[in-house]
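Here's the structure we're looking at; comments come further down.
What follows draws every value from the coordinates through simple rules; no lab data is involved. A quick note: this is a predicted structure, and the numbers were derived from the prediction, not measured. Positions of Cβ are generated from backbone atoms using ideal geometry, with glycine treated the same way; all protein chains shown enter the neighbour counts.
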Amino acid sequence: MWIRFHLDEHVAGLIAIGLRRRNIDVTTSLEVGLIGASDAEQLAFAHRTQRVIITQDVDFLKLNAADMAHAGIAYARQSSYSASQFLQRIVRLYDSLTAEDMSGQVEYL
């Protein structure tokens, strides 16, 4: 099954636009009413809707270490890439892994 993504509020909206132009299913925190929600709430939403969360917030790695259930976390440090590079890394992840591969896993972009 194809990966579906959720962008936490720290990820630029341009990333969602770029993914949608490639027909990749993505939601954003703004669109689903999660601006200001805790990281645990963000991750719970992504898990409930079977979406891999894309984040630049290290706190999601802590939630993973605490064994919080999730459909997958794709993490990149803030300011580590341009928006174009970040998008390319997400698309590469999408092209190489399935939703099943990502379940409960962390991928570093």
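Of all residues in the range 1-31, exactly one satisfies the criterion of being surrounded by fewer than 16 Cβ atoms within 10 Å (Cβ to Cβ) and either β-branched (Val, Ile, Thr) or touching a His at 6+ places or on another chain (Cβ under 8 Å) (or both), namely ILE17. Taken over the range 52-75, the criterion of being of a type in the set (A, V, I, L, M) and without any contact (Cβ under 8 Å) to a residue 24 or more places away in the chain is satisfied by VAL58, ALA65, ALA66. Looking only at residues in the range 69-105 that are exposed (fewer than 15 other Cβ atoms within 10 Å of the Cβ) and of a type in the set (A, V, I, L, M), the one that is farthest from PHE45 (Cα to Cα) is ALA83. Of everything in the range 32-60 that is surrounded by 15 or more Cβ atoms within 10 Å (Cβ to Cβ), of a type in the set (A, V, I, L, M, F, W, C) and within 22 Å of TYR81 (Cα to Cα), the residue that is farthest from the chain's Cα centre (by Cα) is PHE60.
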